[in-house]
1. Which value, in Å² and to the nearest 10, is the accessible area of residue 425 when all protein chains are kept and the probe is 1.4 Å?
2. Between residue 201 and residue 145, with labels modelled 7 Å along Cα→Cβ, what's the label distance in nm to one decimal, could you check?
3. Kirkwood hydrodynamic radius of the stretch 312-407 from all distinct Cα pairs, in Å?
4. Mind checking the dipole of the stretch 80-214: about its Cα centre, +1 per Lys or Arg Cβ, -1 per Asp or Glu Cβ, Debye to the nearest 20?
5. Per-residue accessible area for residue 274 at 1.4 Å probe radius, Å² rounded to 10?
6. For the chain, with every protein chain kept in place, what is the accessible area per residue (1.4 Å probe, Å²)?
7. If you take the charge dipole of the chain about its Cα centre, with +1 on Lys and Arg Cβ and -1 on Asp and Glu Cβ, which of 315, 260, 99 is farthest toward its positive end?
8. Along the three principal axes, how long is the stretch 126-181 when you take its alpha carbons, biggest first, rounded to the nearest angstrom?
Amino acid sequence: MPENVKKPAIRFAGFDDAWEQREFSLFFDCSIPSNTLSRANLSFEKGEIKNVHYGDVLIKFGAYFDVKKETIPCIIHANEENYRNQFLQNGDVIMADAAEDETVGKASEIVNLGSLKVVSGLHTIVCRPREKKQPYFLGYYINSQSFHSQLLPLMQGTKVSSLSRTNLSKTYVCYPTNPKEQAQIGNFFRNVDNLITLHQRKYDKLVSVKKSMLEKMFPKNGSDIPEIRFAGFTDPWEQRKLGDLMNVGSVKRIHQSDWTSTGIRFLRARDIVSAAKNEEPSDYLYISEERYREYSTLSGKVQKGDLLVTGVGTIGVPFLIVDDTEIYFKDGNIIWFKNGGVLDGRFFYYSFISERIQSFIKESAGIGTVGTYTIDSGKKTPIMLPDVREQKQLGLFFTQLDNLITLHQRKLEKLKNVKKSMLERMFV
C-alpha cells in the first residue's frame, strides 16, 4: 500500500476506500468561545444554562456524554443573552486543554442535546466539525492513540500540561468519508462501552455485597452472634487469641543475594498485596531449591491452610496457602500463622479481613510513620470461632463470592483490552 494511502488495520466488511486526511483547522471550527467560570460559580440545584468543566471531561465523561442523562452543573444567575454565542450543538467535541499529566486533549462528544442549553467552561476548547459526522465517531477518534499521539509533542508546561489552539491547529484529522462506516465504528465502540459499564456495575455490586456480608456474617465487636448466619446454626461464637490456637512466627532471614529467577517461589509483602487485588506482581522472585531446603529445615515448611499476613507497609493483608506448593517468604515483613488444620483455612482467611481483626491490627500498629504488625501482635489477635461446620460453610460462601468477583473483574479487563486494541487498530 502506498505510504500516502490511509487505511486502518481493521475495518468492517464492505469498506475499502482510503480515509481522507485533513488539517485540524479545516476539519473543525474552534472559534466557539468558552468561559472561565470556576466551580464556585456553578450549581447542581439551580440554573438554566449547563456548563461543562474541564475536570468532568478529564474524569467523569467518556468519549461522548448524553446531556439528558449526565448530571451537569449550571451557571448561577446566568443571563441567556450573555451566553447565546457559546451554546453548543450535537456533535460538538469538547476538549480539555489542561491536565496534570498527558491526558491533556481528552475529549467528549455531545449527544442528545435536545432543547437544553449547554456551554463549554474552564480550560476547554470547543471543536465543531465543519461538516456533520455520524454520532460517536469523532468522540472515539479524538480519544484514540492515532490522534492523541499527535498532541504529545505539542503539550507545554511542567507541573500542569496545556494545549493551545495554535498548537492544536498543527494536527490533522483522518476519517472515512462514508457515513455508514463512521456510524458502524461509533456504534461499535459505544456497544463495547455499554458492556464495560454493565460488567463494572455487576462487579461493584458484588464487591458491595461482599463488604456487607463480611460485616453481617461475622460478629461485631461486643457480640458473639453474627447478624446473618446459615440455617441450623444458633450457638454463640467463642473468642480466642490466635497465639493460644497455633504457632505464630516467621522464617529465617534470607539475603537478597540468594534471590533467583527460577526455583522455589519467594514472597514479599507487596506480592501479597498484589494477590489480594487479583493483580500480577511487577516481578516474580525465587530462591534456589538448595537454599530452600537449608532455610526451611531451620524454620519449617509452609503448609496448606497456613496464613501469611503482611507486617509492614500495607499491613494485615492475608494470603492463604491453598495447596502443598513449596513457598518461602520475606522474614519479619510477613507473619506466619501455622494453622496446622486447627481452623478451616478459608474461614481463617476471611476472618482476617473482617472488621474485628482489621480493627485490632490498626490499633496495634503503633503511631510511627510506617505501621507494623508484629509477631507479638499476631499472637494477641482475637478471633471469633463458630462450630467447624459453620466455619466451612462461611469459607465456601465467601470463596464462591470472590470467584464471581474475579470473573467479572477478568471480563472487565478483557473488554477494556479489546477496546484499547481496537482504538489503536480501527483508526488511522
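The values are calculated or read from the model by the stated rules, or taken from the named source; none is laboratory data. All figures in this text were calculated on a predicted structure; none of them were measured in a lab. Here the Cβ is made from the backbone with ideal geometry for all residues, glycine too, and neighbour counts use every protein chain on show. Side chains included, ligands, DNA and RNA excluded: accessible areas come from the protein's heavy atoms. Shrake-Rupley method; radii C 1.70, N 1.55, O 1.52, S 1.80 Å.
1. We get 110 Å² for residue 425.
2. Between residue 201 and residue 145, the simple spin-label model gives 3.0 nm.
3. Final number for the Kirkwood radius of the stretch 312-407 is 14.7 Å.
4. Result for the stretch 80-214 is approximately 360 debye, rounded to the nearest 20.
5. My reading of the accessible area for residue 274 is about 20 Å².
6. Each residue of the chain exposes 52 Å² on average to a 1.4 Å probe.
7. Sorting the options by dipole projection puts first 99.
8. Ordered largest first, the stretch 126-181 gives principal extents of 42, 21, 16 Å.
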